[in-house]
Amino acid sequence: MEMILVLAHTEADGSLGKPALEALAAAKELGGTFVVGLIGENVPAAANQIGSCGAAKFLGVSGPDFAQTRYGTDAAAAEALCKAAGAGIVIAPATSRWNRVLAGVAHRLGGRVDTHVTSISVSDGTLSVTRWYYRQRMEAVLQRTQRPWFIALDPGCRAPWEGAAGTAAATPVPVTVAEAARRTTVTGVKAPESSQQTIRPDAKLLFVAGAGWTKKQANGQAHVKEAEKLILDFLGLTKSSLGSSKSLVDLSGEGQSVLPFMSHLNQVGQTGSTPRHPKGLSACCHGEEPHVVGWRFINERRAINLDPNCGWARGKADVLYVADAFAVMRKVNEMLAAK
């Protein structure tokens with residue numbers, strides 16, 4: 001088995017996040033010799049965190065220039081680590097930071113890159129990767145002879161590496177940063193208040209809302225404010241993650257009433273988003289095919305819909321509650337609050 005490089009960047013606190021540990025576990029499972037390359041403002045803590053992982057060596061690019069994500073500096077650091085490791089296979093977590101630069105680094109080194117990889121395996125000495133196409137409708141197994149081969153592993157596809165911390169010295173890899181590479185500057189981060197946080201990738205439950213929440217109800221009136229309170233109360237009580245059908249997030253462009261906390265970042269299905277929560281609950285969604293395909297990796301699916309002939313009833317949900325979502329969620333919130 002040829003040399004493998006695991007690329008990882010540190011989080012704000014200097015540690016390695018779950019996606020990086022998943023990529024490390026995938027590389028270790030292949031059974032060959034691997035090197036870990038770390039990028040961040042300070043990398044010793046990250047190296048010690050995975051000191052017992054069995055890597056042949058640790059390489060590091062550190063300094064103030066690499067504290068924040070930026071294409072110019074990240075690409076230069078990744079290129080330097082790849083050259084120092086001399087690896088033919090490069091495995092990295094498909095975080096927003098790596099997704100931004102891996103294609104460019106592969107081009108610089110004359111290699112190839114595959115993104116949205118869901119699994120990596122070796123058979124008879126040949127490396128194969130699996131990924132989905134056409135919004136997760138078709139699965140493909142790929143092999144490449146071009147090297148270096150960059151593989152971006154989607155988060156949540158496998159269990160992260162677990163092991164004791166150790167003592168690991170990361171060999172510094174020098175990187176010359178041109179002034180032009182510093183043109184982009186991160187001036188701050190804008191994020192919603194913690195009470196309005198709706199996207200929780202590690203939540204055990206995904207709650208998906210459909211356009212029915214904003215439509216006229218039995219009394220002929222829309223109850224958007226009540227829908228907003230019911231959904232946010234449920235998210236707060238269960239700490240679940242919020243998803244949306246395409247029809248709901250598109251309402252803002254049609255001049256209709258919308259849920260103010262909902263955006264295209266919550267959309268599941270037609271964007272190719274495939275959440276991997278253990279359980280899913282859908283309310284006021286018709287269960288249209290693109291939306292259901294987005295739930296491919298959810299183990300248990302339940303839905304609430306007044307229409308017994310909706311898409312969810314056609315074998316796409318494990319359990320379908322034929323009821324009014326407002327009444328059901330109102331009662332569910334009462335029961336949760338009583339606990």
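The values are calculated or read from the model by the stated rules, or taken from the named source; none is laboratory data. Everything quoted here is computed from the prediction, not taken from an experiment. Note that we place each Cβ from the backbone using ideal geometry, even for glycine, and neighbour counts take in every protein chain shown.
Observations on the structure shown:
- Among the residues listed as Trp312, Trp295, the single one being surrounded by 14 or more Cβ atoms within 10 Å (Cβ to Cβ), in the same structural domain as Ala211 (by TED's automatic domain parsing), assigned to a helix (DSSP H, G or I) and touching a strand residue (DSSP E or B) at 6+ places or on another chain (Cβ under 7 Å): Trp312
- Entry remark, segment 2-26: residues being of a type in the set (Ser, Thr, Tyr) and in contact with a strand residue (DSSP E or B) (Cβ under 8 Å, 6 or more places away or on another chain) number 1 in total.
- Taking the listed residues Glu2, Glu11, Glu41, Glu79, the one that is surrounded by fewer than 22 Cβ atoms within 10 Å (Cβ to Cβ), closer than 23 Å to Thr130 by Cβ and not polar (S, T, N, Q) is Glu2, with no other qualifying.
- Checking each residue in segment 315-331 for being touching a residue at least 24 places away in the same chain (Cβ under 8 Å) and surrounded by fewer than 19 Cβ atoms within 10 Å (Cβ to Cβ) picks out Asp324, Val328, Arg330.
- Failed item in (1) under 19 Å from Val173 (Cα atoms); (2) at pLDDT 95 or above, with Thr69 passing the rest: (2)
- Odd one out for Gln143, checked against (1) in the same structural domain as Glu41 (by TED's automatic domain parsing); (2) farther than 30 Å from Pro44 by Cα; (3) surrounded by 13 or more Cβ atoms within 10 Å (Cβ to Cβ): (3)
- Residue check for Glu334: without any contact (Cβ under 8 Å) to a residue 24 or more places away in the chain, within 24 Å of Val117 (Cα to Cα) and not polar (S, T, N, Q): no
- One residue from Ala323, Ala327, Ala303 being in a loop (DSSP other than H, G, I, E, B), in the same structural domain as Leu232 (by TED's automatic domain parsing) and modelled with pLDDT of 90 or more: Ala323
- Residue pairs meeting the criteria (Cβ under 6 Å; at least 6 apart or on separate chains; first in contact (Cβ under 8 Å) with a residue 24 or more places away in the chain, in segment 30-57; second basic (Lys, Arg) and surrounded by fewer than 16 Cβ atoms within 10 Å (Cβ to Cβ)): Val35/Lys57
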